[in-house]
Amino acid sequence: NCEIYNRQRNLLLIFGLVSIFVFTQCANIVPPSGGPVDSIPPKILKMTPADSSLNMKPKKIEIVFDKYMELGDWSTIMTMSPLLEYQPQVTDNKKKIVISLPDTLLLEKTTYTISLGNTLKDNREGTPYPNFVYTFSTGDYIDSLSLQGQVLSADRLIADSSFVAVSYPADGFEDSMVLNKKPLYVTPVQTSGVFE
C-alpha cells in the first residue's frame, strides 16, 4: 500500500510539474502588435472661415480634421505673408487646430497666406497633413500677383538654401528699413536660389 501510494504521489508530482511547465510556456505574455501602421494622412473636414474667404479680418481660424491631431515645431516652420508685427498662435485641441490672429494688425485690401508646412500631424502615427496653406483676403479678391527670381551670394555667385527673399513697400523705402522694420513678404529660397 505504501509503495502504491508513493508511486501515485510521484506520478501526481510529475504530472503537476509537467502541467506547470506546459501552461507557463503557453501563457507567455506578448504585447499586441497594434495592427498595421496608419500611413494615410489626415483629411480636413471643415475650415472656419473657409479657405480663400474674402472681406474678412478673422480673429481665429479653426481647422477640423478626421483624426486627433498634434502640432510639430510650428513656430520655426510657419510663414505668413505679409508678415505681422506679432506672430499668430497655433494650438491643437483633439481633432481641431486653431490659428489665433491679432486681427487689428491686418491691412486693408490685402491677401494673406499662412503656411504651416508639414507640422500638422495625427497624434497616433505622426502622419503629417502635407504642406498646409491657408489664404484669405481683407479685400474683395485674392491677389494672384507674384514675384520670381534667383538669389546668389555676392562673393561666390552660388546659391545657398539658407537665404530668404524679402520684399518691402516702395512707399518711403530707405536703406535702414532692412535693419529696423519687418518686411511685408518673406519666402525661403530653394537650393538653386530660386524663389517665388
**OP:** Can you tell me how much longer the chain between A50 and N131 gets when fully stretched, taken as 0.36 nm per residue apart minus their C-alpha distance, in nm with one decimal?
**Re:** 27.4 nm
Subject >> Accessible heavy-atom area order of F163, F136, highest first, probe of 1.4 Å >> reply: F163, F136
Original post:
If you build a Gaussian network model of the chain, linking Cα atoms that sit under 10 Å apart, which residue out of L71, L157, L12 swings the most?
Top reply: L12
Subject >> When the convex hull of its Cα atoms is projected in every direction, mean area for the chain (nm²) >> reply: 20.8
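On a full-extension model of 0.36 nm per residue, what is the gain between K109 and A159, subtracting their alpha-carbon distance, rounded to one decimal in nm?
Taking K109 through A159 to full extension adds about 14.5 nm, to one decimal.
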Subject >> Computed accessible area, I77, all protein chains, 1.4 angstrom probe, square angstrom >> reply: 80
Original post:
Of all accessible surface on the chain at a 1.4 Å probe, what whole percent is carbon and sulfur?
Top reply: 57
**OP:** Go through D171, D73 and list them by solvent-accessible area, largest first, probe radius 1.4 Å.
**Re:** D171, D73
Original post:
In whole Å, what is the distance between the alpha-carbon centres of the stretch 145-165 and the stretch 55-132?
Top reply: 27
Subject >> Extension reserve of the S19-S146 stretch, reckoned as 0.36 nm per residue once the Cα distance is removed >> reply: 37.9 nm
**OP:** Over the chain, average the accessible area per residue using a 1.4 Å probe and give it in Å², no decimals.
**Re:** 70
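The values are calculated or read from the model by the stated rules, or taken from the named source; none is laboratory data. Everything quoted here is computed from the prediction, not taken from an experiment. Just the protein is used for accessible areas: all its heavy atoms, side chains included, with ligands, DNA and RNA removed. Shrake-Rupley method; radii C 1.70, N 1.55, O 1.52, S 1.80 Å.
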